[in-house]
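See structure below.
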Amino acid sequence: MIRATGIIKLTVLVIAFLLAVFLAFQLFEINTDFKLANVISRSVPAGVLSTKPVRYKCGLSKACSAGHFAFKMASGAASVVGPRICLEDKVVMSGVKNNVGRGINIALVNGRTGEVVKTEYFDMWAGDVAPLIKFLNEIEDGTVVMMASFDDSATKLNDEARKLIADLGSSAINNLGFRDNWIFVGGKGIKTKSPFEQIKPQGKPQRMLK
């Protein structure tokens, strides 16, 4: 059994991770491919001059304080192009890596070190929701959870699964419908709603955030 102090420490780690990227949230942008980019990455040292354009981690266009994590996410496009998750300039989930699939794609990240702990996807059209529920229940406190939809991510979702995702900080999960595009970053053990979430209902015009 984890002591209360241990749980508090782990919760603080997740909150610290999310707060580290909070200021960068206003710089998120979703393009017509429904891409979500976090612009938190280590700053280039002052005075460094180069004739080549500066390249930031995960292909981001901005950088901020040293010591923060950089990530960029894109949901799947219809049923053709799979989702893509990049963390600290390393692609952790993509069609090229052959570790994404129809439904909900999930990457678990250690909230203290930024290390990817596990990746998995769950078919919410033809699959069973039970493995997803089991997976969500087994996530440890202090874990950052990154989720991206591909094709249909909602048909098999039941109230229990939606509540578990809401407990990770999601505000939109109860509105997620058939073939909606959805991206979310939350954490196990936090008690607040995450600002890192976007949903585009199927058939509606693309919204832009700048």
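Since every read-out is calculated from the coordinates, none of them should be taken as a lab result. Worth saying up front: this structure is predicted, and the values here are computed from it rather than measured. With ideal geometry, Cβ positions are generated from the backbone for all residues, glycine too; neighbour counts draw on all protein chains shown.
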field: Calculated FRET value between residue 138 and residue 112, using beta carbons and R₀ = 22 Å, to 0.05
entry: 0.75
query: Which one of 108, 143, 178 has its Cα pushed farthest toward the positive end of the charge dipole of region 72-210, where Lys and Arg give +1 and Asp and Glu give -1 at the Cβ?
result: 178
task: Report ³J(HN,Hα) in whole Hz for each residue of region 154-159, in order, from the Karplus equation J = 6.51 cos²θ - 1.76 cosθ + 1.60 where θ = phi - 60°; Gly and Pro get x.
output: 10, 4, 8, 5, 10, 4
